[in-house]
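In what follows, a single structure is set out as structure tokens and then discussed.
The values are calculated or read from the model by the stated rules, or taken from the named source; none is laboratory data. Computed from a predicted model, the values in this text were never measured in an experiment. In this analysis, Cβ positions are derived from the backbone assuming ideal geometry, glycine residues included, and neighbour counts consider all displayed protein chains.
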Amino acid sequence: MTERQRVTLEVNGRSYEREVEPRLLLSDFLRHELDLTGTHVGCEHGVCGACTVLFDGEPIRACLMLAVQAEGHQLETVEGLTDDPEKLHPLQQAFWDAHGLQCGFCTAGILMTLLPFLKENPEPTEEEIRLALSGNLCRCTGYQHIVAAVKLAADYLREPAA
């Protein structure tokens with residue numbers, strides 16, 4: 001029998017402590033231990049990007065990391081983009097307004113990839129956007145609406161808050 005390990009970490013600004021199997025993937029920890037089901041598991045090989053979360057502010061593939069490796073770190077999932085269920089984050093709003101999603105399976109990973117990208121690139125070109133999205137697969141769209149949504153999000157994020 002495998003000995004369980006204690007994991008203490010912060011997710012979306014909230015502290016958590018759990019006893020987990022050492023081989024538990026971070027994506028499964030988020031979904032099954034913390035009930036944060038916005039992080040999707042697609043390929044389980046780090047290729048599709050559906051499980052992307054922010055790890056100390058940097059996008060990572062949660063299916064490639066063990067939960068025990070997150071000990072003492074800060075994570076942000078798509079659920080942490082806004083704390084007001086009546087108001088979307090500007091990035092989410094842009095995806096809504098520009099029809100940047102269809103089934104939504106890939107959307108959380110794309111949003112979490114784009115959040116730090118847009119902080120570093122407040123006025124991205126289409127080429128920069130497509131390069132930033134190159135690690136996130138979407139099987140429903142041709143990416144044109146996603147690119148338009150990112151451009152719109154950049155505009156929203158540059159606008160002063162009303």
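Restricting attention to the range 93-105, does a residue exist that is within 12 Å of the chain's Cα centre (by Cα), of a type in the set (S, T, N, Q) and either in the same structural domain as LEU34 (by TED's automatic domain parsing) or farther than 19 Å from ASP35 by Cα (or both)? First the steps, then the outcome.
Residues of the range 93-105 that are within 12 Å of the chain's Cα centre (by Cα), as a first pass: 105.
Then keep just the ones that are of a type in the set (S, T, N, Q); that gives none.
Among the residues of the range 93-105, not one is within 12 Å of the chain's Cα centre (by Cα), of a type in the set (S, T, N, Q) and either in the same structural domain as LEU34 (by TED's automatic domain parsing) or farther than 19 Å from ASP35 by Cα (or both), which makes the answer no.
Any residue that is surrounded by 13 or more Cβ atoms within 10 Å (Cβ to Cβ) and within 15 Å of SER27 (Cβ to Cβ) - is there at least one of those in the range 79-100?
Checking the range 79-100: at least one residue is surrounded by 13 or more Cβ atoms within 10 Å (Cβ to Cβ) and within 15 Å of SER27 (Cβ to Cβ).
Just checking, how many residues over the range 1-45 are polar (S, T, N, Q) and closer than 19 Å to ASP83 by Cα? Write out each step before concluding.
First, pick out the residues of the range 1-45 that are polar (S, T, N, Q): 2, 5, 8, 12, 15, 27, 37, 39.
From what is left, the residues that are closer than 19 Å to ASP83 by Cα are 12, 15, 37, 39.
Qualifying residue count, the range 1-45: 4.
Would you check which residues across the range 1-12 are over 19 Å from CYS51 (Cα atoms) and part of a loop (DSSP other than H, G, I, E, B) and list them? Even if it seems obvious, please write down each step before you answer.
In the first step, residues of the range 1-12 are kept if they are over 19 Å from CYS51 (Cα atoms); the result is 1-8.
If the condition is that a residue be over 19 Å from CYS51 (Cα atoms) and part of a loop (DSSP other than H, G, I, E, B), then MET1, THR2, GLU3, ARG4 are the ones that fit.
In this structure, does PRO85 turn out to be modelled with pLDDT under 95, not assigned by TED's automatic domain parsing to the domain that holds TYR143 and not aromatic (Phe, Trp, Tyr)?
yes
Restricting to the range 101-123, and then to whatever is within 15 Å of HIS145 (Cα to Cα) and either of a type in the set (Val, Ile, Thr) or in contact (Cβ under 8 Å) with a residue 12 or more places away in the chain (or both), can you tell me which residue is surrounded by the fewest Cβ atoms within 10 Å (Cβ to Cβ)? If you could, list the steps in order and put the result at the bottom.
Just the residues of the range 101-123 that are within 15 Å of HIS145 (Cα to Cα), to begin with: 101-104, 106-107, 110-111, 114.
From the residues that got through so far, the ones that are either of a type in the set (Val, Ile, Thr) or in contact (Cβ under 8 Å) with a residue 12 or more places away in the chain (or both) too are 101-103, 106-107, 110-111, 114.
Values: LEU101: 21, GLN102: 14, CYS103: 10, CYS106: 25, THR107: 23, ILE110: 27, LEU111: 24, LEU114: 26.
Within the range 101-123, the match that is surrounded by the fewest Cβ atoms within 10 Å (Cβ to Cβ) is CYS103.
Of everything in the range 21-80, what is hydrophobic (A, V, I, L, M, F, W, C) and within 20 Å of PHE95 (Cβ to Cβ)? Give them in sequence order.
Initially, the range 21-80 is screened for residues hydrophobic (A, V, I, L, M, F, W, C), giving 24-26, 29-30, 34, 36, 41, 43, 47-48, 50-51, 53-55, 60, 62-68, 70, 75, 78.
Selection gives LEU36, CYS48, ALA50, CYS51, VAL53, LEU54, VAL78.
Just checking, how many residues over the range 39-68 are in contact with a strand residue (DSSP E or B) (Cβ under 9 Å, 6 or more places away or on another chain) and either farther than 14 Å from GLY135 by Cα or in a helix (DSSP H, G or I) (or both)?
Final tally of qualifying residues: 13.
Give GLU44, GLU71, GLU21, GLU17 a once-over and let me know the one that is under 17 Å from CYS106 (Cβ atoms) and among the acidic types (Asp, Glu).
Numbers: GLU71 fails: under 17 Å from CYS106 (Cβ atoms); GLU21 fails: under 17 Å from CYS106 (Cβ atoms); GLU17 fails: under 17 Å from CYS106 (Cβ atoms).
Result of the check over GLU44, GLU71, GLU21, GLU17: GLU44.
Go through the range 25-38 and report how many residues are over 13 Å from LEU9 (Cα atoms), free of Cβ contacts under 8 Å to residues at least 24 places away in the same chain and either assigned to a loop (DSSP other than H, G, I, E, B) or assigned by TED's automatic domain parsing to the domain that holds GLY104 (or both). Walk me through how you get there before you give the answer.
In the first step, residues of the range 25-38 are kept if they are over 13 Å from LEU9 (Cα atoms); the result is 25, 27-28, 31-32, 35-38.
Filter once more, keeping what is free of Cβ contacts under 8 Å to residues at least 24 places away in the same chain: 31-32, 35, 37.
Applying the additional criterion that residues be either assigned to a loop (DSSP other than H, G, I, E, B) or assigned by TED's automatic domain parsing to the domain that holds GLY104 (or both) yields 35, 37.
Going through the range 25-38 one residue at a time, the tally reaches 2.
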